[in-house]
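Asker: One structure, pasted below without further comment.
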Amino acid sequence: MSTPVERIDTAGTPSDGPLAGITVVALEQAVSAPMCTRTLADLGARVIKVENPNGGDFARHYDDVANGMAAHFVWVNRGKESITIDLKSTAGMAVLHRLLDGADVLVSNLAPGSTAKMGIGPDDLADRHPDLIVVEIDGYGPGGPLSHKRAYDLLAQAESGACAITGYPDAPAKPGPPMADVCSGLYSAISILSLMVGQGRDGERRQRGGAVAVSLFDTMAELMGYALNYTRHTGIDQEPRGMGSPAVAPYGAYATADGQKVVLGTTNDREWQRLSTEILQRGDLAADPRFTRNAGRVEHRDQLDAAIGDWCSNHDLLDIQKAADAAGIGNARFNLPSDVIAHPHLAERDRWREVDTPNGPIPAILPPPVIAGFDPVMGPIPGLGEHTDSVLAGLGLGADDIAELRAQGAVGPAFDR
């Protein structure tokens, strides 16, 4: 089942978002930096994505399921302009510096040490482009024994312990969404916005430029806050609980009589009392001193899960959810991605749009923030090098200049839609 989507008019350059007038240059691959810059683009910033003429962002080629394009790429690259530059060439690097002359932000997530080797590390840019905000996203951050290592989402999640608290005791797993990548990108966007606020409004700058380093490992260490605190103060490595939680009980997924799964959870003792008396009709469980406090319920979670599972197996999902809502107990339906695409809560709240691509429009979900009086820009997804000529022309280069750069191999071929 497909969900109807509303078409966005993507003609022209966005100029009415909160970040209108801000120019971001991106040297990015995969998800972390592209998520950062897509967030800024949705808020109205101009994002110029600098790509290698030989294939560009490697996430373009992960698969071809989205109208011939990769699902990862179309997710985190809307609203950007793609320019292909060979940064190993002197002429190509000169073009990059011309871009940075007029930019407010540079975001990169290249291999460790790459920008320094290219002469565009934060220290280099502080001298040549002192007003530029420079953000580098990498695996482990500078100054440690792992700083030299490449890192991807799975590697950072494994190194940080996140995989050890996901899945089951005998089957650890990586959390499904790329948490290290996405959250590092969002922390980077937050940092950029904070520096912009620090620079002042209406041109009255309190500071200029700024350097930001965000690592996937540090991001995951932050997201592991509860688990790390628990282990530090108890000496116990908590085991993963699948759809449950090691911290609270009851909390998990239960099979229903009509072949579905309901997720039920309690977060305090009062909720447990309501669940046991009003839903399960089990006053004996409510009165049992083993279950009075959360710590006891965690210790005896197997008995509670058995009781709740038995009750749910004799009731349909809709009836369980109605009873849980009436008792003020949090609940949800266990959904597959295909269920979420057709989810009525998204449809009725008009959360789908269409964005343009070189291969025709595709559906996209609106970004999470709902800002009064502002519609997210959600501009087109660029083809590789699609905007090379227009961006170069905007730098004051004429047709002959562009042709000469192309002949030198400093920029990629002209884009043919």
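The values are calculated or read from the model by the stated rules, or taken from the named source; none is laboratory data. Fair warning: this is a prediction, and the values are worked out from it, not measured in the lab. Heads up, the Cβs are rebuilt from the backbone with ideal geometry, glycines too, and the neighbour counts pull from every protein chain shown. Surface areas here come from the heavy atoms of the whole protein model, side chains and all, with no ligands, DNA or RNA. Shrake-Rupley method; radii C 1.70, N 1.55, O 1.52, S 1.80 Å.
Asker: Could you tell me which residue of the stretch 61-85 is least open to solvent (accessible area, probe 1.4 Å), considering only residues that are more than 23 Å from Ile192 (Cβ to Cβ), in contact with a His (Cβ under 9 Å, 6 or more places away or on another chain) and not aliphatic (A, V, I, L, M)?
Answerer: Going through the qualifying residues, I end up with Asp63.
Asker: When you scan the stretch 250-364 for helices (runs of 4 or more DSSP H) that lie fully inside it, which ones turn up with 3 or more residues that are open to solvent by 60 Å² or more (accessible area, probe 1.4 Å) and within 30 Å of Thr39 (Cα to Cα)?
Answerer: The helices (runs of 4 or more DSSP H) meeting that bar are 337-341, 344-348.
Asker: Which members of the stretch 100-117 meet the condition of being more than 14 Å from Asn52 (Cα to Cα), open to solvent by 10 Å² or more (accessible area, probe 1.4 Å) and among the aliphatic types (A, V, I, L, M)?
Answerer: Result: Ala103, Ala111, Ala116.
Asker: Would the stretch 101-116 turn up any residue that is touching a residue at least 60 places away in the same chain (Cβ under 8 Å) and over 25 Å from Leu216 (Cβ atoms)?
Answerer: Just the residues of the stretch 101-116 that are touching a residue at least 60 places away in the same chain (Cβ under 8 Å), to begin with: 102-110, 115.
Keeping just the survivors that are over 25 Å from Leu216 (Cβ atoms) gives 102.
There is at least one residue in the stretch 101-116 that is touching a residue at least 60 places away in the same chain (Cβ under 8 Å) and over 25 Å from Leu216 (Cβ atoms).
Asker: Does Asp57 fit the bill of being of a type in the set (Asp, Glu) and at pLDDT below 95?
Answerer: Answer is no for this residue.
Asker: Now a separate question. Do you know which residues across the stretch 80-117 are closer than 24 Å to Pro413 by Cβ, over 28 Å from the mean Cα position of the chain (by Cα) and not in a loop (DSSP other than H, G, I, E, B)?
Answerer: Once the filter is applied, which keeps residues that are closer than 24 Å to Pro413 by Cβ, over 28 Å from the mean Cα position of the chain (by Cα) and not in a loop (DSSP other than H, G, I, E, B), the stretch 80-117 yields Thr90, Ala91, Gly92, Met93, Ala94, Val95, His97, Arg98.
Asker: Which residues, taken from the stretch 3-29, are modelled with pLDDT under 50 and of a type in the set (A, V, I, L, M, F, W, C)? Even if it seems obvious, please write down each step before you answer.
Answerer: Just the residues of the stretch 3-29 that are modelled with pLDDT under 50, to begin with: 3-14.
Hits for the stretch 3-29 are Val5, Ile8, Ala11.
Asker: Among helices (runs of 4 or more DSSP H) lying entirely in the stretch 137-248, which contain 2 or more residues that are in contact (Cβ under 8 Å) with a residue 60 or more places away in the chain and open to solvent by less than 40 Å² (accessible area, probe 1.4 Å)?
Answerer: Helices (runs of 4 or more DSSP H) meeting the threshold: 153-159, 179-198, 216-223.
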